[in-house]
Amino acid sequence: MKKRPSLVAWLFIVLGTSYFLLPLIATFLFSLRAKKDTLGFTAYQRVFADSSFYATFRFSALMALLTIIASMLLLVPTVYWAYLRHPRLHRLIELVSLMPFVIPPIVLVFGLIKSYSRPPVILVQSRGLLIAGYMVLTLPYMYRAIDAGLRATNVKTLTEAAQSLGAGWPRIIWQVIVPNIRGALVNGAFLTFATVLGELTLAQYLAWPAFGPYLARISQNKAYEPAALTIISFALTWVIFGIVLLVNSKDQQQTQFGGTH
């Protein structure tokens, strides 16, 4: 017989769910009070009528996608090679991945500005510098997701099997290793996307029209629109996450179906 959750377990579940949902519900109810003594979607209508909302969201979404791609291109081969050839490097890589938690973003952005605002390399006005900064900020999430995926995969056996079939290193990484850690990559991509979408410090000090500075600017002189933006960004993030999971599950089903033939 299956053991049912105890009363204490249900209590913690209810408390955890309440801790997550109650502030969200309160924010949503507050966003409906843009008109006095009336509940309505006036705040949402004002947000959707603002062209800056679409422009800043598109920019941040694009930067998030480019950050995800660049992070995967950098970290997947690096962590894979460390697992395969240099296991002792894991401690060093893990230490480096923790640095964004130790160094505040304001220190990072001023370091980038000071280093890349004068000859011979001037990158302050380059989107590449912003993406590089985002890669540093999201390094802990993407690295740990990839690391968890590789830990659950028999990297050495898969590599030896692929080499026995004549596969080269690029093919081994992108056609053998990556499909086996797809779920971990999806998790890292979602955390990266959510972080970049709401990031404020880098975008503001590097003077880019991102979604984070837009939220901060709206919050300075309006009350109900920021609450509406919070709900909208939350909903959009989860919609995107749902689409990614749906695509990922379909890919896995196709892979399993193909493997049966």
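Which label belongs to the value computed from this structure, given these candidates for mean projected area of the Cα convex hull in nm²: (i) 15.2; (ii) 21.3; (iii) 14.4? Step by step, mean projected area of the Cα convex hull in nm² for this structure corresponds to label (ii). Per-residue Karplus couplings for segment 139-145, computed as 6.51 cos²θ - 1.76 cosθ + 1.60 with θ equal to phi - 60°, are listed in order as 3, x, 6, 5, 5, 5, 5 Hz, Gly and Pro entered as x. The Cβ shell under 14 Å around Trp208 holds other residues with a net charge of +2, Lys and Arg each +1, Asp and Glu each -1. Seen against the Cα atoms of the chain and their longest principal axis, helix 155-164 is set at about 50 degrees. Distance between the 7 Å Cα→Cβ label points at Ala223 and Phe12: 4.0 nm.
Summing charges over neighbours of Leu139, with a neighbour being any other residue whose Cβ is under 12 Å away from its Cβ, gives -1 when K and R count +1 and D and E count -1. For the chain, the longest principal axis of the C-alpha atoms and the axis of helix 182-198 are separated by about 30°. Segment 1-61 and segment 72-113 have Cα centres separated by 34 Å.
For the chain, the longest principal axis of the alpha carbon atoms and the long axis of helix 224-259 meet at an angle near 20°. Here the Karplus relation 6.51 cos²θ - 1.76 cosθ + 1.60, evaluated at θ = phi - 60°, turns the backbone of segment 123-128 into coupling constants of 10, 4, 8, 9, 5, x Hz, with x for every Gly and Pro. Taking Cβ atoms as reference points and 14 Å as the exclusive limit, the residues near Val196 contribute a net charge of +1, counting Lys and Arg as +1 and Asp and Glu as -1.
Bear in mind these aren't lab numbers, they're just calculated from the coordinates by the rules spelled out. As the structure is a prediction and not an experimental result, all values here were calculated from the model. With ideal geometry, Cβ positions are generated from the backbone for all residues, glycine too; neighbour counts draw on all protein chains shown.
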